Amino acid sequence: MKRSGKADRTTKETRVAVAIDLDGQGNVEISTGIGFFDHMLTLLAAHARFNLSVEAKGDIEVDGHHTVEDVGIVLGKAFSQALGDKKGISRYGTAYVPMDEALALVNLDISGRPYLHIEFPNLAPMVGDFDTQLLEEFFRAFAIHGGITLHIRVLYGRNTHHMIEAAFKALARSLKEAVKTSSDWEASPSTKGLLD
């Protein structure tokens, strides 16, 4: 069974289209108009081994807020669609990822109960053309629309680029673990019988 999803969103501020294949090879086509964000989404797909296409056009002449948040919304929706009824998935994922002096930890549960907890050391306000305040907006939108309980902690670091990159790679590896299918659960991996 193919585990793929597509979603799109058009507002007066953005147009976003996402396609995802959870059983891919890490092939990516990313264009958001925000170079650093493209880089992080590319890392996310490559390290999760998802095929991912993201096409976003937004009012980045204002700032990146609407584009980054809406990409999170649409990515979450496409991810949820690709999982379908979630039968047989491992459900939980955990990863520590170092990036030079930085260390990130991500724990997640594809539970159908969205929640975000995020902790970063002090970040520089900008990395390239990316406003680092938008990290929380992206992760929250993705968690809510993907139905994910998501905990992200950068335990320490000094370089803002390294800390954010470690977080995205840890998210990728946690997602890869959580979406793996397992013969341990023929139905949904819950004593309730469903994840919702």
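Looking only at the range 164-196, how many residues end up being modelled with pLDDT of 90 or more and either among the basic types (Lys, Arg) or crowded, with 20+ Cβ neighbours inside 10 Å (or both)?
Result for the range 164-196: 16.
Checked against the criterion of being modelled with pLDDT of 95 or more, farther than 21 Å from Val28 by Cβ and within 11 Å of the chain's Cα centre (by Cα), the candidates Arg113, Arg140 yield just one match: Arg140.
Scanning the range 21-33 for any residue that is crowded, with 17+ Cβ neighbours inside 10 Å and under 13 Å from the mean Cα position of the chain (by Cα) turns up at least one such residue.
Please determine, by comparing only the residues of the range 127-143 that are out of contact with any strand residue (DSSP E or B) (no Cβ under 6 Å at 6 or more places or on another chain) and among the small types (Gly, Ala, Ser), which one is nearest to Leu75 (Cα to Cα). Filtering the range 127-143 for residues that are out of contact with any strand residue (DSSP E or B) (no Cβ under 6 Å at 6 or more places or on another chain) and among the small types (Gly, Ala, Ser), the one nearest to Leu75 (Cα to Cα) comes out as Ala141. Annotation: Gly26 fulfils all but one of (1) modelled with pLDDT of 95 or more; (2) out of contact with any Asp or Glu (no Cβ under 8 Å at 6 or more places or on another chain); the unmet one is (1).
For the range 29-50, the tally of residues that are of a type outside the set (S, T, N, Q) and farther than 19 Å from His65 by Cβ stands at 9. Among residues of the range 125-139 that are more than 17 Å from Glu61 (Cα to Cα) and touching a residue at least 40 places away in the same chain (Cβ under 8 Å), those with a Cβ under 7 angstrom from a residue that is among the acidic types (Asp, Glu) and surrounded by 19 or more Cβ atoms within 10 Å (Cβ to Cβ), sequence gap 6+ or separate chain, pair up as Glu137/Glu69; Phe138/Glu69.
For the range 61-98, what are the residues that are of a type in the set (Asp, Glu) and more than 12 Å from Val16 (Cα to Cα)? Within the range 61-98, Glu61, Asp63, Asp85 meet the criteria.
Exactly one residue out of His145, His151, His161 is modelled with pLDDT of 95 or more and touching a Lys or Arg at 6+ places or on another chain (Cβ under 7 Å), and it is His145.
The values are calculated or read from the model by the stated rules, or taken from the named source; none is laboratory data. All values reported here derive from a predicted model rather than from experimental measurement. With ideal geometry, Cβ positions are generated from the backbone for all residues, glycine too; neighbour counts draw on all protein chains shown.
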